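Take a look at the structure set out below.
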Amino acid sequence: MKPHLGPDRVRIAPSLLASDFADLRLEILRVENAGADWLHVDVMDGHLVPNLTIGPPVVAAIRAASTLPLDVHLMIEDPIRHAPAYVDAGATIVTFHEEAVVDASDAARAIGRMGVQVGMAINPDTPIERVVPFLEHLDLVLVMSVFPGFGGQKLIASVLEKADVIRGREGWEGDLEIDGGITAETLPLAAERGFNAFVAGTAIFKSGDIPKTIKEMRRLAEAGLQASAL
Ligand code: DX5
Ligand code: ZN
């Protein structure tokens with residue numbers, strides 16, 4: 001039986017990377033008041049990915065400014081070593097990259113022991129089969145639909161079929177998240193495949209009307225998830 005994820009499982013996760021960092025508290029309030037489910041926080045180290053963004057002190061400041069779950073996406077090398085700082089800063093979900101670890105099982109269990117939800121992310125060119133053996137240790141699987149490093153890129157549609165492998169398996173009903181190039185146009189393609197968590201930076205923060213955009217994304221996600229179960 002395919003897991004049936006109802007509309008209550010939709011998670012709209014605005015990526016703060018596309019927000020105005022000089023006005024972070026206001027940007028957080030904007031998406032929080034507009035009905036966002038999670039705040040997606042992109043942590044980049046300039047090594048695993050070619051960009052450098054924010055560290056634990058900023059995550060702590062975000063934590064203090066919002067009551068929403070913090071979906072912390074670690075695009076960094078040595079995530080086991082660095083994860084505790086993000087846990088202490090208030091992360092709700094800590095997601096490491098498959099490409100950054102030698103033993104994904106070790107990484108997932110180590111982060112789980114820190115008392116947070118655990119996610120594992122894969123780049124567009126990493127097969128989904130690299131995730132499957134570790135599902136029992138994971139609360140979330142993050143499928144990158146762009147090569148990580150920058151917002152504002154175009155979704156690579158060939159990654160969408162990775163959802164079939166995860167949603168086709170019995171016994172795992174965690175969150176399946178897609179990240180990169182999600183807009184009102186591309187979101188339905190992902191929801192129809194069974195993704196239930198949607199990261200969107202540019203499409204939300206650069207839209208003229210954030211409440212309208214989030215509401216529309218939720219409507220499309222609910223309809224898509226419904227279709228995915230048919
Ligand atoms: C890319 C990041 C994404 C990014 C998404 O490396 O992981 O979360 O901010 O941005 P958009 O929605 O603009 O593609
Ligand atoms: Zn991200």
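Observations on the structure shown:
- The local environment of A110, defined by Cβ-Cβ distances under 12 Å, has a net charge of 0 under the rule Lys, Arg +1 and Asp, Glu -1.
- Across segment 165-171, rounded Karplus estimates of 3J(HN,Hα) from the backbone phi angles (6.51 cos²θ - 1.76 cosθ + 1.60, θ = phi - 60°) give 5, 6, 6, x, 8, 7, x Hz, Gly and Pro being marked x.
- Within segment 7-228: Cβ-based charge dipole about Cα centre, in debye rounded to nearest 20 (Lys, Arg +1; Asp, Glu -1): 460 debye
- Whether segment 94-173 is rounded, prolate or oblate, judged on the alpha carbon gyration tensor where a/c under 1.5 counts as rounded: oblate
- Each Lys or Arg adds one and each Asp or Glu takes one away; over the other residues whose Cβ falls under 13 Å from the Cβ of T126, this sums to -2.
- Under the Karplus curve 6.51 cos²θ - 1.76 cosθ + 1.60, θ = phi - 60°, whole-Hz ³J(HN,Hα) for segment 224-230, x wherever Gly or Pro sits: x, 4, 4, 5, 5, 7, 6
- With all protein chains modelled, accessible area of F150 [1.4 Å, Å²]: 110 Å²
- Ranked by how many other beta carbons lie within 10 Å on average, peptides 21-34, 184-197, 39-52, 201-214 from highest: 184-197, 39-52, 201-214, 21-34
- With a cut-off of 10 Å between beta carbons, the residues surrounding H73 carry a summed charge of -4, where Lys and Arg count +1 and Asp and Glu -1.
- One decimal place: the segment A157-A223 gains 21.8 nm when fully extended, by the rule 0.36 nm per residue minus the C-alpha distance.
- Hull volume in cubic angstrom per residue (convex hull over the Cα atoms of the chain): 107 Å³
- FRET efficiency estimate (nearest 0.05) - Cβ-Cβ, V58 to D164, R0 41 angstrom: 0.65
- Carbon-plus-sulfur accessible fraction, segment 41-120 (probe radius 1.4 Å, protein heavy atoms only): 54%.
- A simple spin-label model places the labels of R130 and D103 1.8 nm from each other, with each point 7 Å out along Cα-to-Cβ.
- Per residue accessible area of the chain, 1.4 Å probe, in Å²: 43 Å²
The values are calculated or read from the model by the stated rules, or taken from the named source; none is laboratory data. It should be emphasised that the depicted structure is a prediction, and the values quoted were computed from it without experimental measurement. Because the Cβ atoms are built from the backbone with ideal geometry, glycine has one as well, and the counts that use them run over all protein chains shown. Only protein heavy atoms, including side chains, enter the accessible area calculation; ligands, DNA and RNA are left aside. Shrake-Rupley method; radii C 1.70, N 1.55, O 1.52, S 1.80 Å.
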